[in-house]
Amino acid sequence: MEHEAKLARVVIGTRALALLRRWSLGDEAEAEAEEELNTIAEMLAHRDELPLGEVFHFESLDIADGYAAWSETYDVVPNPLIDAEERSLRPLLAELPAGDALDAACGTGRVAGILAELGHRVIGVDPSEEMLDRARAKNVPATFLRGSFDALPAADASVDLVTCMLALTHVTDLGPAFREFARVLRPGGAVVTTDIHPIATALGGAALFRRADGSRAATTNHTHWVSAYVRAITDAGLVIERCLEPLVDEGYKVGLGSPEFREAADISLTGLPLLLFWVLRRPGE
């Protein structure tokens, strides 16, 4: 389905979040709040003029069509979310001993390559054949198989590590995925997952990307609160070892590539959680 939106809606809405975050800070934030109100008033007065009046178009795609389209540019167009994720992810993975690893929702083989560098024997699993074609073309020392969260192509208790990065926000129910992770994991094995933080998805964060022809598209993210993760994890018989919530840094280059939106993000989003990491363990026998 085709959609269109004015840049003004995104920029002004994001800047308004800064006001909401400061209302209880009292006198120390009064001057900042007044300045921000004046800025928003000025933007509202000129919201139909460029640059705020720019209309951007995007197509809403389901997961299958979305990742088929995204496969062409996934490794080409810089992704600040992935850059931020890898800064915290690489040290976590480096702590784990090498063994048999399964990377669920492996996409173009980004994390499979990291695991192979760390000495793991890697199986990458993804429902998108287009993404898998890109992964295989990289000649990463891994086996890439088509499969879904609720039916991983691996035997019971066959791997020492399961990874799943920036993907579980695409499922409506976390339970089947974590049950499958637990099923294929050997006793004592680990699970490492990352996701867009539920605060980010609740504020409208979506997997927005550009196709090879420059047009925009987006796939749906579902909001799963931390309690939903905890319930799905513990119901699957897994034990939580760590939960990490990296925060948005100043200067984080997020969004539509618009300087107006980047400025709004710096003001309003800095200090909020951006990502949600889980390090889990299957109890040993």
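Whether any residue in the range 250-262 is among the basic types (Lys, Arg), at pLDDT 95 or above and open to solvent by 60 Å² or more (accessible area, probe 1.4 Å) is what I want to check. Among the residues of the range 250-262, not one is among the basic types (Lys, Arg), at pLDDT 95 or above and open to solvent by 60 Å² or more (accessible area, probe 1.4 Å), which makes the answer no. Could you tell me whether residue 226 is modelled with pLDDT of 95 or more, within 18 Å of the chain's Cα centre (by Cα) and open to solvent by 10 Å² or more (accessible area, probe 1.4 Å)? In short, yes.
Among the residues of the range 175-194, those that are open to solvent by less than 30 Å² (accessible area, probe 1.4 Å) and out of contact with any Phe, Trp or Tyr (no Cβ under 8 Å at 6 or more places or on another chain) comprise 175, 178, 181, 182, 184, 185, 189, 190. Quick check on residue 240: is it under 18 Å from residue 174 (Cα atoms), hydrophobic (A, V, I, L, M, F, W, C), open to solvent by 30 Å² or more (accessible area, probe 1.4 Å) and in contact (Cβ under 8 Å) with a residue 12 or more places away in the chain? Yes; evaluated as a whole, the condition is true for this residue.
Taking the range 137-158 as the range and being over 16 Å from residue 112 (Cα atoms) and at pLDDT below 95 as the test, the residues that pass are 148, 149, 150, 151.
The numbered conditions (1) in a loop (DSSP other than H, G, I, E, B); (2) of a type outside the set (Gly, Ala, Ser); (3) at negative phi are all true for residue 131 except (1). Taking the criterion of being of a type in the set (S, T, N, Q) and under 30 Å from residue 211 (Cα atoms), the residues of the range 7-63 that qualify are 14, 60.
The condition (being farther than 18 Å from residue 221 by Cβ and either in a loop (DSSP other than H, G, I, E, B) or open to solvent by 10 Å² or more (accessible area, probe 1.4 Å) (or both)) is satisfied by just one residue among 172, 163, 143: 143.
Does residue 47 fit the bill of being within 17 Å of the chain's Cα centre (by Cα), charged (D, E, K, R) and open to solvent by 40 Å² or more (accessible area, probe 1.4 Å)? Spelling it out, it is not the case that residue 47 is within 17 Å of the chain's Cα centre (by Cα), charged (D, E, K, R) and open to solvent by 40 Å² or more (accessible area, probe 1.4 Å). Failed condition for residue 284, given (1) buried (at least 20 other Cβ atoms within 10 Å of the Cβ); (2) touching a Gly at 6+ places or on another chain (Cβ under 7 Å); (3) assigned to a loop (DSSP other than H, G, I, E, B), with all others met? Only one criterion in (1) buried (at least 20 other Cβ atoms within 10 Å of the Cβ); (2) touching a Gly at 6+ places or on another chain (Cβ under 7 Å); (3) assigned to a loop (DSSP other than H, G, I, E, B) is unmet by residue 284, namely (1). When 41, 98 are checked against the criterion of being open to solvent by 30 Å² or more (accessible area, probe 1.4 Å), among the hydrophobic types (A, V, I, L, M, F, W, C), without any contact (Cβ under 8 Å) to a residue 24 or more places away in the chain and outside any helix (DSSP H, G or I), 98 stands alone in meeting it.
The combined condition, being among the basic types (Lys, Arg), at pLDDT 95 or above and within 13 Å of residue 194 (Cβ to Cβ), is fulfilled by residue 110. For the range 10-32, the criterion of being assigned to a helix (DSSP H, G or I), open to solvent by less than 40 Å² (accessible area, probe 1.4 Å), of a type outside the set (D, E, K, R) and in contact with a strand residue (DSSP E or B) (Cβ under 8 Å, 6 or more places away or on another chain) is met by none of the residues.
The values are calculated or read from the model by the stated rules, or taken from the named source; none is laboratory data. Computed from a predicted structure; not experimentally measured. Using ideal geometry, Cβ is built from the backbone for each residue, glycine included, and neighbour counts are taken over all protein chains shown. The protein model used for the area step is the full one, side chains on, heavy atoms only, and it has no ligands, DNA or RNA in it. Shrake-Rupley method; radii C 1.70, N 1.55, O 1.52, S 1.80 Å.
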